[in-house]
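Participant: Below is a structure I'd like to ask you about.
Nothing in this text is a laboratory measurement; each read-out follows from the coordinates by a stated rule. Owing to the predicted nature of the structure, the values given are computational and were not obtained by experimental measurement. Here Cβ is always computed from backbone atoms with ideal geometry, including for glycine, and neighbour counts include all displayed protein chains.
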Amino acid sequence: MIRDTEIIGRIRNGDAGQLESLFRSSYVSLVRYAKTLIKDHDTAEEIVQDLFFRLWQDKEKLNIESSLNGYLFRSVHNRCLHHIEHNRVVERHAVEMLNHQSESQESPSDILSYKELQEKVARILERLPERCGKIFTMSRFEGLKYTEIAEKLSVSIKTVEANMGRALKEFRKELTQ
């Protein structure tokens, strides 16, 4: 029987056959264990498969001090807990979004005001020099950082800053009237 340290060493050195052998010998029991924690067979299989994928992907860094079997079960346990927590966060977010949507039913006058504002913004953007309007759009509507805009447009960050300053000045002047 091969010792854990030898199995780990072989995997660390790129022995795919050793990883496959470990996978075949422990897969069923690891999936069964994961299923006791998350109650979904397909997800349990995904968690175990991902564990072995990560083992292979990070094989050079593989450093297991305890028993190999203990390490695998602890890893599955942690991954299952992470999956459960992730699902809780997603569910909380979905509930918050539903609550927010029900609270924010817009009135016809709100919709009209919003459309008027959109039209004003469009008119201001049309009046701006082309590059200035493009920089403003990339920053405010596409969410790009100044450095990203500078790279995409092949200009300096100072040029981006100057154009943003000019655009914001125009918006302030027009929207405060």
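Participant: Between segment 24-42 and segment 45-64, what is the separation of their alpha carbon centroids in Å?
Facilitator: 16
Participant: Pulled fully out, how much extra length does the chain show between residue 74 and residue 32, if you take 0.36 nm times their separation in residues and subtract their Cα-Cα distance?
Facilitator: Full-extension gain reported as 13.8 nm.
Participant: Hey, another quick one. Residue 162 versus residue 20, label points 7 Å from Cα toward the beta carbon: distance in nm?
Facilitator: Taking the two extended label points, one gets 6.3 nm.
Participant: Also: Based on the alpha-carbon gyration tensor of the chain, what equivalent-ellipsoid semi-axes (square roots of 5 times the eigenvalues) come out, in whole Å, largest first?
Facilitator: Sorted largest first and rounded, they come to 56, 26, 11 Å.
Participant: Residue 85 versus residue 42, label points 7 Å from Cα toward the beta carbon: distance in nm?
Facilitator: It works out to 2.6 nm between the two label points.
Participant: Using label points projected 7 Å from each Cα along Cα→Cβ, tell me how many nm separate residue 5 and residue 56, to one decimal.
Facilitator: About 2.7 nm, to one decimal.
Participant: Suppose we flag GluC sites (Glu not before Pro) only when DSSP calls them loop and at most 14 other Cβ atoms lie within 10 Å. Which is the longest uninterrupted stretch of the chain?
Facilitator: That gives 1-64 as the longest site-free run.
Participant: Further question on the same structure: What FRET efficiency would be calculated for the residue pair residue 137, residue 94, taking the C-beta separation as r and a Förster radius of 25 Å, to the nearest 0.05?
Facilitator: About 0.20, to the nearest 0.05.
Participant: With θ set to phi - 60°, apply the Karplus curve 6.51 cos²θ - 1.76 cosθ + 1.60 along segment 71-81 and write out the HN-Hα couplings as whole Hz, x wherever there is a Gly or Pro.
Facilitator: Taking θ as phi minus 60°, the curve returns 4, 4, 5, 5, 5, 5, 4, 5, 5, 5, 4 Hz for segment 71-81.
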